[in-house]
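What follows is a single structure, written as structure tokens, with notes after it.
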Ligand code: PLP
């Protein structure tokens, strides 16, 4: 059996069509800021990618800004909401990715009020609690992700956004795990800011985007040039941007077929695990989780669990426990800690995240390997 990759929430392979386009662009080396023809053609590649991405996400081209990754995007929005808009409070959740939690906690240390929305027993956010927090009238940024990268739990983006509108708060959504996986029409979503990252939808690493709903404007954090209209200085990487646009185009072109395959595979995986490893339980209500992420607790002893990922790796299976940045740490997941009880937390968990090229045979091999563990 070849190597099996079931860690697509951490990153995805780059599709060959994307590599092909990126390679073409790499051969045109102009600096997009140069005014001669080399520069102009590089610039025009960036601008046509911007238009293409904006059209795919239902945004205006001027609302999309390019940067290096979603961590950068989340940091920029959170920092500038405080600096540019005079936000004095941030409402978030302890289930957010660290790319949100860390900048939020950094502001907390500097005196910005931070409140965390309660999490219900099934991993859903308590929107009644969110509303009660919002009733305290204060300039507020709400930073709540769309889909959780560890559990796949889907938050009610529209419900959250409507509450923010009702109470006059800004809404920032980390949409890293939903862009390219679900149809998105930003013109109709009650979201002020969002971020996405190309490597989560079969594009290159080092390419991210931020959406800032017009007419809102965030001041730049990185200074030193007029790139991205001065909002994000630094020479752009046209090959990365073109690769991101191509990857997004392909994601939406094949969305339905890929989703149907992946959804069935996720269902099959859970059934097989529960059949061969009785006591396996999903983390998060399966009805409310995304189709490409399955997070389960396994009925294994703690000593087996400690070496589990390593043992799977030795058998050429790549999966993880939570976010890639934490995989090696051995620390319990800060996301699962929000809603599992002590007994549930004591069980080892794994995150299996799928793409359209995964097969039932791969799942059979994974389940057989786990059963022998
Ligand atoms: N937010 C979420 C939900 C993620 O899953 C990730 C990546 O794992 C990030 C942010 C960070 O993205 P990037 O790797 O582009 O910095």
One residue from 239, 261 being out of contact with any helix residue (DSSP H, G or I) (no Cβ under 8 Å at 6 or more places or on another chain) and within 30 Å of residue 357 (Cα to Cα): 261
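Taking the stated definitions as given, is residue 211 at negative phi and surrounded by 22 or more Cβ atoms within 10 Å (Cβ to Cβ)? It would help to see each step written out before you state the result.
Working: at negative phi: yes; surrounded by 22 or more Cβ atoms within 10 Å (Cβ to Cβ): yes.
In short, yes.
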Test: residue in region 34-52 that is within 16 Å of the ligand (Cβ to nearest atom) and either part of a helix (DSSP H, G or I) or closer than 24 Å to residue 222 by Cβ (or both): no
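Residue by residue, here is whether (1) within 30 Å of residue 260 (Cα to Cα); (2) at pLDDT 90 or above; (3) outside any helix (DSSP H, G or I) holds:
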residue: 291; (1), (2), (3): yes, yes, yes
residue: 304; (1), (2), (3): no, no, no
residue: 312; (1), (2), (3): yes, yes, no
residue: 322; (1), (2), (3): yes, no, yes
residue: 332; (1), (2), (3): no, no, yes
residue: 340; (1), (2), (3): yes, yes, yes
residue: 352; (1), (2), (3): yes, yes, yes
Subset tally (residues that are more than 10 Å from the ligand (Cβ to nearest atom) and part of a loop (DSSP other than H, G, I, E, B)) for region 190-214: 9
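Just checking, does region 77-90 include any residue being buried (at least 24 other Cβ atoms within 10 Å of the Cβ), in the same structural domain as residue 222 (by TED's automatic domain parsing) and within 15 Å of the ligand (Cβ to nearest atom)?
Going through region 77-90, the residues buried (at least 24 other Cβ atoms within 10 Å of the Cβ) turn out to be 77-78, 81, 90.
Checking which are in the same structural domain as residue 222 (by TED's automatic domain parsing) leaves us with 77-78, 81, 90.
Filter once more, keeping what is within 15 Å of the ligand (Cβ to nearest atom): 77-78.
Scanning region 77-90 turns up at least one residue that is buried (at least 24 other Cβ atoms within 10 Å of the Cβ), in the same structural domain as residue 222 (by TED's automatic domain parsing) and within 15 Å of the ligand (Cβ to nearest atom).
With outside any strand (DSSP E or B), modelled with pLDDT of 95 or more and out of contact with any helix residue (DSSP H, G or I) (no Cβ under 6 Å at 6 or more places or on another chain) as the only criterion, which of 150, 131, 94 stands out?
Numbers: 131 fails: out of contact with any helix residue (DSSP H, G or I) (no Cβ under 6 Å at 6 or more places or on another chain); 94 fails: out of contact with any helix residue (DSSP H, G or I) (no Cβ under 6 Å at 6 or more places or on another chain).
Unique residue meeting the criteria: 150.
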Output for region 283-302, where each listed residue is within 18 Å of residue 333 (Cα to Cα) and crowded, with 20+ Cβ neighbours inside 10 Å: 283, 284, 289, 293, 294, 295, 296, 297
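Within 15 Å of the ligand (Cβ to nearest atom), outside any helix (DSSP H, G or I), touching a helix residue (DSSP H, G or I) at 6+ places or on another chain (Cβ under 8 Å) and farther than 22 Å from residue 144 by Cβ, is that true of residue 234?
On the way: within 15 Å of the ligand (Cβ to nearest atom): no; outside any helix (DSSP H, G or I): yes; touching a helix residue (DSSP H, G or I) at 6+ places or on another chain (Cβ under 8 Å): yes; farther than 22 Å from residue 144 by Cβ: yes.
Judged against the criteria, residue 234 is not a match.
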Qualifying residues in region 125-145 (those that are within 21 Å of the chain's Cα centre (by Cα) and touching a residue at least 40 places away in the same chain (Cβ under 8 Å)) - the one nearest to the ligand (Cβ to nearest atom): 145
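Condition check ((1) out of contact with any strand residue (DSSP E or B) (no Cβ under 9 Å at 6 or more places or on another chain); (2) at pLDDT 95 or above; (3) in the same structural domain as residue 359 (by TED's automatic domain parsing); (4) surrounded by fewer than 19 Cβ atoms within 10 Å (Cβ to Cβ)) across all residues:
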| site | (1), (2), (3), (4) |
| --- | --- |
| 22 | yes, yes, no, no |
| 28 | yes, no, no, yes |
| 57 | no, yes, no, no |
| 63 | no, yes, no, no |
Neighbours by Cβ (under 6 Å, 6+ apart or cross-chain): first from region 151-177, in the same structural domain as residue 70 (by TED's automatic domain parsing) and over 22 Å from residue 201 (Cβ atoms); second within 12 Å of the ligand (Cβ to nearest atom) and not in a helix (DSSP H, G or I): 160/144
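The values are calculated or read from the model by the stated rules, or taken from the named source; none is laboratory data. Model, not experiment: these values are computed from the prediction. Neighbour counts run over all protein chains shown; Cβ positions are idealised from the backbone, glycine included.
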